[in-house]
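The values are calculated or read from the model by the stated rules, or taken from the named source; none is laboratory data. This one's a predicted model, so the numbers in the text were calculated from it and none came from an experiment. What goes into the accessible areas is simple: the full protein's heavy atoms, side chains included, and nothing from ligands, DNA or RNA. Shrake-Rupley method; radii C 1.70, N 1.55, O 1.52, S 1.80 Å.
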Amino acid sequence: QQPTVTKHQLDQLCKSILNSILRDGMTDREKAEAIYKKVSGMKYVNTADDSDWMVNAYNGLSAMRGDCVNYADAARALLTTAGIPNYGLERVDGTSDHFWLIVYVEGAWYHFDACPTSSLYPFKCFLRTDSEVKEYSDSRTDKPNYYNYDKDNCPYDVVD
């Protein structure tokens, strides 16, 4: 059983990190990119307990390690603290679970996944369109439907 994390603890950690990576006058796109770079610097290890997103975010950011759940929740915490709307997505019809975000930047929703992909199938998923993630997903013979999500139940329309 992991210890609980308070909203205050997570907010303090996020504010500290954001103070070190953001500058005054940055656009939301620039903020999102700085957050993407920070979170993508985490080390991938298969560790998360998806029961509490705040615990996953805190653990990922404080240890700078975790799995896709930690990456998504860490990015969610930083983006939210920075005032950038975001929404979590989950892979459907895949051979394994995967979690990532969509973010609202420059008037539209885009895919945002700072979790590393296979070195055989490298892909930087920063402000990617539905078409771009579909093309990538179709290329992944090892993990079909990599970025397949339930579009009908997603409350936001991602740029195609």
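Helix 7-21 axis versus longest C-alpha principal axis of the chain: approximately 80°, rounded to the nearest ten. Bridging of K134 to aspartates and glutamates at a Cα separation below 12 Å is possible for D160, once same-chain residues fewer than 8 apart are set aside.
What are the equivalent ellipsoid semi-axes of the chain, built from the alpha-carbon gyration tensor (square roots of five times its eigenvalues), in whole angstrom, biggest first?
For the chain, the ellipsoid semi-axes come out as 24, 19, 14 Å.
Using heavy atoms of the protein chains and a probe of 1.4 Å, the accessible area assigned to L18 is about 10 Å².
Do the sum for the chain: with -39,500 (n - 2.57) for every DSSP H run of n ≥ 4, divided by all residues, what is the mean residue ellipticity at 222 nm, to the nearest 500 deg cm²/dmol? Each step should come with its number before you reach the end.
On the way: 5 runs with 63 residues, N = 160.
After summing the helix terms and dividing by residue count, I get -12500 deg cm²/dmol.
Using only alpha carbon pairs under 8 Å that are at least six residues apart, calculate the relative contact order of segment 1-137 and give it in whole percent.
Values: 212 pairs, mean separation 28.0, N = 137.
Relative CO of segment 1-137 lands at 20 percent.
Checking the cross-link pairs K31/K143; K15/K43; K38/K124 against a 19 Å limit on the alpha carbon distance flags K31/K143; K15/K43 as lying beyond it.
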